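The values are calculated or read from the model by the stated rules, or taken from the named source; none is laboratory data. What you are looking at is a predicted structure, and each value in this text was computed from that prediction instead of being measured. Cβ placement follows ideal geometry from the backbone for every residue including glycine, while neighbour counts extend to all protein chains displayed. Areas reflect the complete protein model, heavy atoms only, side chains present, ligands, DNA and RNA absent. Shrake-Rupley method; radii C 1.70, N 1.55, O 1.52, S 1.80 Å.
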Amino acid sequence: MMSNIFIKTQSQLSIEWLKLKSTPGLYLALTCGLLISTLVFIAHLMEVHSLASLGGNPWGRYFTRGLAIFSLFVSVPFVVLLVSAVVYVERQANAWKYLYTLPTRRGSIYFSKLVMILLLLALSLFLLVLGLLLSGYALDRMHPEFELAFYQPNLWELGAKALHTWLSLLGLVGLQYFLSLRFQHFLLPLGVGILGYVFGLILAVTQMNAALYCPFSYPMLVQDFGMFRTEIRASIAFGGLSNIELYSLGFFLFFVLLAWIWETRRSVS
């Protein structure tokens, strides 16, 4: 049964990819990372003397600034909008009735949308990494005092940091996916997302233990960006993951399973 769902999910993914052309989801994923890298590049152009520092590999500082902007200020609203865009396309066209009349299991439709969201999130992070790398080389050509050409970027470390950010957002993806499927109107998931972002930011800044149970706080706590203390994060030997990432994976599995149970039992009238 699971193998059949997997095969049909693959074919359903191609359908979901075609649907993205009529939604802002793909454009969000394509522009988010590139926009942040552009903003980091412009900020360094405007503040050359204050941001340039001698000694040490400058690539680490440059990458950290870009990832900090994404993780602290952009990632949560981005995920909320992305999930809503992918799911709402069916509600907008009132297409759920039609989808459930097709000879396709609900699992293939359910999981194809979820996989597409995860792929778009990974695409955005990849473009952020690529944009930071290219803009860093362009910045060095314009201002050699940053000394970016004298060092090699640690792509392995940068990829690992991007992966940690991706993992920290899984809990939020699961929560928003459940809300977007459960409630008919897109305003409720968006409202929860906006309020959750503000609440999660407060918990992260104040370092309250309740942040461990708030998926909105995870991308802000998963790494140390030097903006506030991250004392509640603890390293776990297993796979180099932190407790933040394990909590995120737990929330993701819980809400995906909850949404799947509800999806298989609901009737579309």
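The table that follows gives values for the structure above.
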| quantity | calculated |
| --- | --- |
| Rounded to the nearest 10 Å², the accessible area of His44 at probe 1.4 Å | 10 |
| For segment 129-269, with +1 on Lys and Arg beta carbons and -1 on Asp and Glu, the positive-most of Thr230, Ile261, Tyr177 along the dipole | Ile261 |
| Whole-angstrom gap from segment 226-258 to segment 165-216, using each part's C-alpha centre | 14 |
| Solvent-accessible surface (1.4 angstrom probe) belonging to Glu147, in square angstrom, nearest 10 | 40 |
| Viscosity 1.002 mPa s, 20 °C: Kirkwood-radius Stokes-Einstein D of segment 168-269 over Cα pairs, µm²/s | 148 |
| Rel. contact order, % - alpha carbon contacts under 8 angstrom, at least six apart, segment 140-269 | 32 |
| Solution diffusion estimate, µm²/s, Stokes-Einstein, segment 35-87, Kirkwood Rh from C-alpha pairs, 4 °C, viscosity 1.567 mPa s | 102 |
